[in-house]
Amino acid sequence: MATPKEMFDTVLPEKMRAKNVNFQAVYLFDISGDTGGKWSVTFDGNGGVEAKEGDNPDAACTVSMTDTNF
């Protein structure tokens, strides 16, 4: 199983681009635990998605969980 970092660095952006998600939003994922961290995911409204490690003050929604539940 992929770690949160692997998911946000490669898996999630590839899957979302393939689905051509066309909405505009910023989400913050706050994952606790040994492999946790914070990642912001930005959907640009044109099918683009970018995941970056760290906080984003523009996030409209924060999803918090443990790395075990992730």
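The values are calculated or read from the model by the stated rules, or taken from the named source; none is laboratory data. Computed from a predicted model, the values in this text were never measured in an experiment. Because the Cβ atoms are built from the backbone with ideal geometry, glycine has one as well, and the counts that use them run over all protein chains shown.
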Exercise. What tally of residues in the range 15-26 results from selecting those that are touching a residue at least 24 places away in the same chain (Cβ under 8 Å) and over 20 Å from ALA2 (Cα atoms)?
Worked result: 5
Problem set entry | Verdict on THR68 being under 15 Å from GLU6 (Cα atoms) and of a type in the set (S, T, N, Q) | yes
Seminar exercise, completed: Expected output for the range 34-62 (first residue closer than 13 Å to PRO4 by Cα, partner β-branched (Val, Ile, Thr) and modelled with pLDDT of 95 or more, Cβ below 8 Å, 6+ apart or cross-chain) is GLY36/THR66; GLY37/ILE31; LYS38/ILE31; TRP39/ILE31; SER40/VAL26; VAL41/VAL26
For this session: Would you confirm whether any residue within the range 13-29 is touching a helix residue (DSSP H, G or I) at 6+ places or on another chain (Cβ under 8 Å) and modelled with pLDDT under 95?
Result: no
